[in-house]
Amino acid sequence: MQNLNFSQFQTLAFAGGGNRCWWQAGLLTQLQACGARLPASMVGTSAGAAIAASLLAGSTATALQACQRLYAANARLFDWRGLTRLQLNFAHQTVYPAWLAAFVNEGHFKAIQSTPSRLLVAVTRPARALGLAGSVAAGTLAYLVDKKLFHNIHPALPRFLGLKQAFFALQDCTTAQEARTTLRAAAAAPPFMSGVLLQGGWAFDGGYTDNAPIPAQTANEKASTLVLLTRHYPDKPSLFEVHGRTYWQPSRKVPVSTWDCRPGTTVDDAFALGQEDAKRALANGQIQLSI
């Protein structure tokens, strides 16, 4: 795909992917440095939703620095001492909320509320027949089956099993704490992080239903949507179209562990790859900017 004007996209979707989402941050900050503006509509889940929130708040640099600081201070992924109390103590349970608090505080949340762009945060609601634990197990199985067999960008199996995706507008939150709770729910991937009670029901990582979440769209809305993936599909180019939407994927596998949060986790490399991919797309004419 050539000569795509970034300003033509009215919806920007952020796939989840843990630390791989720093690729999205590098990509967008590079485009913004060259004059790109965020579209009116944004949607994301898991860490992708948090990256989108940081972009709206103008706090992406703060988010990256906080991530580096928290990872540097965290020596282990799992605290085995909790097993004596029948507890699963993963570092993500404290690291992720602390990370969100660093760049979605009261000041940054006011900036989010004042932006013209709206961010929808996608979470997964449990299947009524399976309950929370059963839905997490079913979602995990569906993810593994799709990853190994079908390689679909938008899998159908989770919905077939009864899992549902719900969307919450971050700007509808009344406080920074409520916004952080919504973002934490979107990334709550058991057993790393437990499900969250959100607006009267359990919610967990939106990626269990669809890792690249998009609400129902008309044909025209699809044509003006750009989806930022974090998983690399070797059989596809960096920019490609599927079912009327445009997708942008990393040029290669993002060089970072998805779930690691210890010293040495290469979030800088993921961020740098995003910058490199943005520069390459601008240089070769795949992406153009209206300034």
Query - Complete set of residues in segment 208-220 that are of a type outside the set (A, V, I, L, M, F, W, C) and under 17 Å from Met42 (Cβ atoms) - result: Asp210, Asn211, Pro213, Pro215, Gln217
Query raised in the report: What single numbered condition from (1) of a type outside the set (S, T, N, Q); (2) out of contact with any Phe, Trp or Tyr (no Cβ under 9 Å at 6 or more places or on another chain); (3) in a strand (DSSP E or B) fails to hold for Phe240?
Result: (2)
Query raised in the report: In the set Phe167, Phe160, which member is surrounded by fewer than 14 Cβ atoms within 10 Å (Cβ to Cβ) and either in contact (Cβ under 8 Å) with a residue 24 or more places away in the chain or farther than 18 Å from Leu55 by Cα (or both)?
Result: Phe160
Query raised in the report: Can you tell me which residues in segment 7-27 are among the hydrophobic types (A, V, I, L, M, F, W, C) and farther than 17 Å from Pro116 by Cα?
Result: Phe14, Ala15, Cys21, Trp22, Trp23, Ala25, Leu27
Query raised in the report: Do any residues in segment 23-42 that are open to solvent by 10 Å² or more (accessible area, probe 1.4 Å) have Cβ atoms under 6 Å from those of residues that are in a helix (DSSP H, G or I) and not acidic (Asp, Glu), where the two are at least six apart or on different chains, and which pairs are they?
Result: Thr29/Thr60; Gln30/Gln275; Gln30/Ala278; Ala36/Phe6
Report summary line: So, first residue of a type outside the set (Gly, Ala, Ser) in segment 124-145, second residue modelled with pLDDT under 85 and part of a loop (DSSP other than H, G, I, E, B), Cβ within less than 9 Å, six or more apart or across chains; the pairs are Val136/Pro191; Tyr143/Pro155; Val145/Pro155
Query raised in the report: Are there any pairs, at least 6 apart or on different chains, whose C-beta atoms fall under 9 Å, with the first in segment 238-250 and within 22 Å of Lys279 (Cβ to Cβ) and the second assigned to a loop (DSSP other than H, G, I, E, B) and among the charged types (D, E, K, R), and if so, which?
Result: Tyr247/Lys236; Gln249/Arg231; Gln249/Lys236; Pro250/Arg231
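Being modelled with pLDDT of 95 or more, more than 15 Å from Ala49 (Cα to Cα), within 21 Å of the chain's Cα centre (by Cα) and open to solvent by less than 30 Å² (accessible area, probe 1.4 Å) is true for just one of Val121, Val95. Which residue is that?
Val95
Table: residues versus (1) assigned to a loop (DSSP other than H, G, I, E, B); (2) touching a Lys or Arg at 6+ places or on another chain (Cβ under 6 Å); (3) at pLDDT 95 or above; (4) buried (at least 16 other Cβ atoms within 10 Å of the Cβ).
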| residue | (1), (2), (3), (4) |
| --- | --- |
| Leu141 | no, no, no, no |
| Ile153 | yes, no, no, yes |
| Ala179 | no, no, yes, yes |
| Met193 | yes, no, no, yes |
| Ala212 | yes, no, no, yes |
| Ala216 | yes, no, no, no |
| Asn220 | no, no, yes, no |
| Asp235 | yes, no, no, no |
| Arg252 | yes, no, yes, no |
Requested in this report: Of the numbered conditions (1) touching a helix residue (DSSP H, G or I) at 6+ places or on another chain (Cβ under 8 Å); (2) buried (at least 18 other Cβ atoms within 10 Å of the Cβ); (3) more than 18 Å from Ala212 (Cα to Cα), Ala281 fails exactly one; give the number of that condition.
Outcome: (1)
Report task. Taking Asp172 as the residue in question, decide whether it is among the acidic types (Asp, Glu) and either open to solvent by less than 80 Å² (accessible area, probe 1.4 Å) or on the phi > 0 side of the Ramachandran plot (or both). Result -> no
Report summary line: Looking across segment 254-291 at residues that are among the aliphatic types (A, V, I, L, M) and assigned to a helix (DSSP H, G or I), the single one that is farthest from Phe14 (Cα to Cα) is Ala283
Query raised in the report: On the given criteria, is Gly44 at pLDDT 95 or above, within 26 Å of Ile214 (Cβ to Cβ), small (Gly, Ala, Ser) and assigned to a strand (DSSP E or B)?
Result: yes
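The values are calculated or read from the model by the stated rules, or taken from the named source; none is laboratory data. Since we're looking at a predicted model, the values are computed, not measured. Virtual Cβ from ideal backbone geometry, glycine too; neighbours counted across all protein chains shown. What goes into the accessible areas is simple: the full protein's heavy atoms, side chains included, and nothing from ligands, DNA or RNA. Shrake-Rupley method; radii C 1.70, N 1.55, O 1.52, S 1.80 Å.
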